[in-house]
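Report on the following structure.
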Amino acid sequence: METMSYQEMQRVLMDELRLMHYPVAIKYFFDQAELDALKARGGYYLPAKALTFCQAELGARMEGLTVLMGKEQLGCGNAKCVFGWKDIDEAEIKGHLKYVRDLEQAERFVRSKPRLQKELLAVVVSPLAEAPFAPDVVHFYCDNMQAYHLVVDWMAARDIHPLRPNMTMNSAACAGNVQAFNTGEANVFLACSGSYNAGKTERGEINVAIPGPDMPLVVGRLLARKQATGGASVTRAGHPFPGADICKNCPLIVFKKVEAPVVAAE
């Protein structure tokens with residue numbers, strides 16, 4: 001396919017998958033010169049107070065803002081551990097005791113979470129269409145069938161099957177996207193208790209993380225399906241709506257077009 005802009009990719013995804021939220025482009029900055037260049041351009045936002053990572057994403061997915069978070073802007077211990085801005089200490093381990101059987105299991109589970117392997121300077125989130133960088137990961141907050149379409153198209157485009165999700169106790173948005181970055185493969189994960197309330201996912205959104213370099217492949221696959229069948233749906237080929245809640249092959253839920261009556265000439 002021809003090279004698509006991030007603006008066009010977002011338009012296609014919003015229109016064809018009926019997304020409620022903007023896809024969130026995520027960039028992890030490890031190079032000081034690259035970060036300085038972004039800052040020199042301006043136009044980004046800083047949290048007025050320290051936030052969780054999933055709260056910072058609210059600015060991108062709901063308000064269309066480009067938000068920069070350095071270590072001082074991040075007020076979440078879980079995310080700080082995932083980003084390598086904090087050691088896994090006793091407090092972090094004890095904070096997971098409510099989820100597990102004992103302290104030993106809590107430590108093993110915390111230490112098994114995905115973590116960035118390089119020294120992170122800052123993380124920036126932006127609506128895909130406004131991204132002033134090539135995203136490392138694109139994070140989707142979507143419903144079940146939107147998630148299904150995204151991962152089916154990713155698997156087909158990358159020729160990878162089955163998908164192997166990675167979900168952790170706590171650290172959903174931060175660790176779920178770092179997993180996609182570290183592995184170069186898509187990830188699907190549920191909200192954690194923090195991202196459910198603080199990150200505002202009370203509608204039951206499902207998280208999908210697509211490696212940034214794979215976005216042209218995913219959007220290209222979606223458009224190829226649409227051209228072949230006439231619609232974006234994989235569940236009802238040829239239909240435009242990706243998640244029509246209609247029983248497959250049900251003889252009752254069928255619609256027939258009524259033509260205007262033919263009036264006989266006098």
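With each label modelled as a point 7 angstrom along the Cα→C-beta vector, the R203-K39 pair spans 3.5 nm.
Sorted on the mean count of surrounding Cβ atoms within 10 Å across their residues, most packed first, peptides 4-10, 205-211 read 205-211, 4-10. Taking the chain as a whole, the Cys residues whose C-beta sits 4.7 Å or farther from every other Cys C-beta are C54, C76, C81, C142, C174, C192. Computed from backbone phi with θ = phi - 60° and the Karplus coefficients 6.51, -1.76 and 1.60, the 3J(HN,Hα) list for the range 143-148 is 8, 4, 6, 5, 4, 4 Hz; x is used for glycine and proline.
Springs between alpha-carbon pairs under 10 angstrom, Gaussian network model over the chain: which of F140, F255, F189 fluctuates most? In this elastic network of the chain, the residue with the biggest mean-square fluctuation among F140, F255, F189 is F255.
For S193 and Q105, compute 0.36 nm times the residue count separating them, minus their Cα-Cα distance, and round to one decimal in nm.
29.8 nm
Does anything in the range 54-75 have its amide N under 19 Å from the 7 Å Cα→Cβ label point of N182, and if so which residues? Of the residues in the range 54-75, 54 have backbone N under 19 Å from the label point off N182. Taking Cα pairs under 8 Å and at least six residues apart, what relative contact order does the chain come out at, in percent? Result for the chain is 23 percent. Taking a ≥ b ≥ c as the square roots of the eigenvalues of the Cα gyration tensor, the range 6-229 is classed as oblate, since a/c reaches at least 1.5 and a/b does not exceed b/c. Across the options P240, A60, S126, the greatest Cα extent toward the positive end of the charge dipole of the chain (unit charges at beta carbon of Lys, Arg, Asp, Glu) belongs to P240.
Can you tell me how the range 1-115 classifies by the Cα gyration tensor, rounded, prolate or oblate, using a/c under 1.5 as the rounded cut? Judged from the Cα gyration tensor, the range 1-115 comes out prolate (a/c at least 1.5, a/b above b/c).
Read-outs throughout are calculated quantities, based only on the coordinates presented, and are distinct from any laboratory measurement. Please read all numbers here as calculations on a predicted model, not as lab measurements. Note that each Cβ is placed from the backbone with ideal geometry, even for glycine, and that neighbours are counted across all protein chains shown.
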